[in-house]
Each structure stands twice: as C-alpha cells, then as structure tokens.
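Heads up, the thing below is written out as structure tokens.
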Amino acid sequence: MIPLITYLFQKAVENPLIDDDLVLIIGEITSATKTIAGKVRKAALLDILGSAEKVNVQGEVVQKLDELANSIITDTLKCTGKACMLASEEVEDCLILSDTGYSIAFDPLDGSSNIDVNVSIGTIFSIHKGDIKKPGKEQIAAGYVIYGPSTMLVLALPGFVSVFILDPESGNFILVEDNFKMPEKGKIYSINEANYNKWVDDGLRKFIDSLKEEKYTLRYVGSMVADVHRTLFKGGIFIYPADVKNRNGKLRLLYEASPMAFIIENAGGLATTGEKPILEVVPEKLHQRVPVILGSKYEVGKCIEYLKNG
Ligand code: AHG
Ligand code: MN
Ligand code: MN
Ligand code: MN
C-alpha cells in the first residue's frame, strides 16, 4: 500500500525531473482535491449546490461548487510558495505569484452540469516549469481526480502514468496501478451526437457511421473527466469536435485538452485536434479552445484517416 508522496520520492531517485518542489506541488494539489471531494459528497447538506448567480469568462453560469473548488485550490497553491503562475478556468487572468517556480493550469471542477444530478465530476491540472503558456509536450506533470463511486487520481509524469485511490480511512491516495498502459483498441465511442449535423467535418460523420457498422457502443457522460477516464481504462475514443457554431470546439487547451492529451499519450494512446497533435499546439490565449479527439491508437488513427479523406 504505497501512498502518493512515498511513490513520488521513490520515482525521484531515478528521475531528476521530480524535485522536492514538484512533489510538494503535486502533494498540495491532491490534498486540495481531498477537501473538494469532501465538499462534493456533502454538498446537499452544506447548501453549496446550484448556481452562484454569476457568469464566468467562458460565458457559463458558475456553480457554487465551481467557485468553492477554485478557491480551495488557489489558496492551497498560494501557500506552497513554489507556484509562479496559476491559470484557472474560473478566473479571467493568470494569477502571477513569482517569476520562478512551477505554473499550474487547472479546471477546478469539470462537468459542472452534472453536479446537481450526482454524476461523476472531477478536477484537472497541468504543471509546467516557468511560463504556463507552453505546448502540452513540455508539461512536467498532468493529472485529474475523479469524484466517482471512489475518488481516483490519475497522474502522468513524462513516460509513465500511475493510478491511485483515495483511502477514506487513512486519507491517503494509495497506488493501485504503476506504469498504466491503455488498450490499443476498444469498442466504445464517446461524443455528443446531438450535434451530428452541426459538425464541421463530413469525414467525422462518416467515421462515426463506420463505428456503428462495427457495432461500437456509445457512452457519453458529459463530464470530460468521466468520459476520458472510461476511455483510458476501456479503450475506444472520446471526441469533442469543432462545429459550425464553435469552430474550435468547446474544450479548453490549457486545463482540459493538454493535460488529458499528456495522460492519454503517456498511457500509449493518441490525442489530436484533427489537424495536429494536441501536445504540439502552441497556446496563444489563456482560455483558448481546441477540438479534441483522443483515445486508443486504433480508433484515433482511423478517425484521422476519415478526416483526411473527407
Ligand atoms: P466544465 O464543467 O469544466 O465547464 O467542463 C464541461 C465540459 C466537459 O466536462 C464536457 O466534456 C463538456 O463540457 C460537455 O459539453 P456538452 O454538454 O456540450 O456535451
Ligand atoms: Mn465550466
Ligand atoms: Mn471542464
Ligand atoms: Mn470546470
């Protein structure tokens, strides 16, 4: 039963990238998610469900738990004294704390539309050294915590992905999978088909139709963390494409697409915008959006072919 911090110090022996400050940052982010997990599970008793009656920089109605999760993570990371920039989905501008150290981009609560109906939601984070606005391939670490039937942490460092479960008795994230690799192929596709006629690419419609021919199952939760987590463990493909209204799709590069792409690719899968690998995209704006196609090598490779042939 190896706790997260012990695991990180063990990995640090053979991996100079993992320094004490990075262990501290990862430890503090995950400790903030334990607090968030507690609030999520008691939300109805604490009157923190529902809307905070305000609209965020994304144009979304902010949920009370979005706001609470954001302040828990922000306050925790400020206290480390090792963070230089914080970029949150819920905050218009970057919070500049110092000119050196680690920068963290985070989605404090992903899947907000599912909070009030008790469906799995999560927290996503991406860690860079120095400036946060760098291509995803330069991430030092990325991860997510999913608040589901169990609270799970999936953490990627360059070259490997590890999986932890929050043990409610000890309060520790305990290692359950080391060097996790995802299936090469699956039988599930995940996309919001309500927008089928609005997708920009005809090739995407032909690809989805081909999966139906091959008797794939459709699963779509509407929380990116839940849909990516299932894709990581069962294989298959998750897509949030460009449509005629949102030419860059809906998902945000810095704190959704990039960290998830880092995890998927370090677990042996692929992640693309449809035109280029997500990890190659150079961020221009803090909250910029990109189309997301990620999952097993077989399905993502096939999708890219269909997009090319139109
Ligand atoms: P967030 O709750 O952080 O704003 O993210 C919501 C995102 C993502 O979790 C999910 O994949 C997507 O919204 C679902 O969008 P649709 O409801 O348009 O399918
Ligand atoms: Mn949101
Ligand atoms: Mn999100
Ligand atoms: Mn969010």
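Residues in segment 93-130 that are charged (D, E, K, R) and either out of contact with any Cys (no Cβ under 8 Å at 6 or more places or on another chain) or surrounded by 15 or more Cβ atoms within 10 Å (Cβ to Cβ) (or both): ASP93, ASP107, ASP110, ASP116, LYS129. The number of residues in segment 203-229 being more than 16 Å from ligand 2 (Cβ to nearest atom) and touching a Gly at 6+ places or on another chain (Cβ under 6 Å) comes to 1.
Take the conditions (1) at pLDDT 95 or above; (2) over 20 Å from LEU77 (Cβ atoms); MET1 misses just one of them, which is (1).
A count restricted to segment 186-230 and to residues that are closer than 30 Å to PHE106 by Cα, more than 18 Å from the chain's Cα centre (by Cα) and of a type in the set (Gly, Ala, Ser) stands at 2.
Within segment 4-32, if we keep just the residues that are outside any helix (DSSP H, G or I) and of a type in the set (A, V, I, L, M), the residue that is most open to solvent (accessible area, probe 1.4 Å) turns out to be LEU17. Going through segment 90-142 one residue at a time, which ones are within 16 Å of ligand 1 (Cβ to nearest atom) and assigned to a helix (DSSP H, G or I)? Within segment 90-142, SER112, SER113, ASN114, ILE115, ASP116, VAL117 qualify.
In segment 184-194, the qualifying residues are those that are open to solvent by less than 50 Å² (accessible area, probe 1.4 Å) and among the aliphatic types (A, V, I, L, M), and the one that is farthest from ligand 3 (Cβ to nearest atom) is ILE188. Scanning segment 41-58 for residues that are in a helix (DSSP H, G or I) and open to solvent by 30 Å² or more (accessible area, probe 1.4 Å) turns up ARG41, LYS42, ALA44, LEU45, LEU46. Of all residues in segment 66-91, those that are in contact with a Pro (Cβ under 7 Å, 6 or more places away or on another chain) and open to solvent by less than 10 Å² (accessible area, probe 1.4 Å) total 5.
Taking first residues from segment 282-295 that are charged (D, E, K, R) and partners that are open to solvent by less than 30 Å² (accessible area, probe 1.4 Å) and part of a strand (DSSP E or B), the Cβ contacts under 7 Å between residues at least 6 apart in sequence or on separate chains come to ARG289/ARG252.
Among the residues of segment 6-28, is any within 16 Å of ligand 4 (Cβ to nearest atom), touching a residue at least 40 places away in the same chain (Cβ under 8 Å) and not aromatic (Phe, Trp, Tyr)? Checked against the condition, which is being within 16 Å of ligand 4 (Cβ to nearest atom), touching a residue at least 40 places away in the same chain (Cβ under 8 Å) and not aromatic (Phe, Trp, Tyr), segment 6-28 yields no hits at all. For segment 143-173, filtering for residues that are over 13 Å from GLY38 (Cα atoms), open to solvent by 10 Å² or more (accessible area, probe 1.4 Å) and not in a loop (DSSP other than H, G, I, E, B) leaves 4. I'd like the residue in segment 80-102 that is over 15 Å from ASP66 (Cβ atoms) and among the acidic types (Asp, Glu) and, out of all such residues, is farthest from the chain's Cα centre (by Cα). It comes out as ASP99.
The values are calculated or read from the model by the stated rules, or taken from the named source; none is laboratory data. The structure presented is a predicted model; accordingly, all values stated were derived computationally and were not measured. Cβ: placed from backbone, ideal geometry, glycine included. Neighbour counts: every protein chain shown. The accessibility values were calculated without ligands, DNA or RNA, using every heavy atom of the protein model including side chains. Shrake-Rupley method; radii C 1.70, N 1.55, O 1.52, S 1.80 Å.
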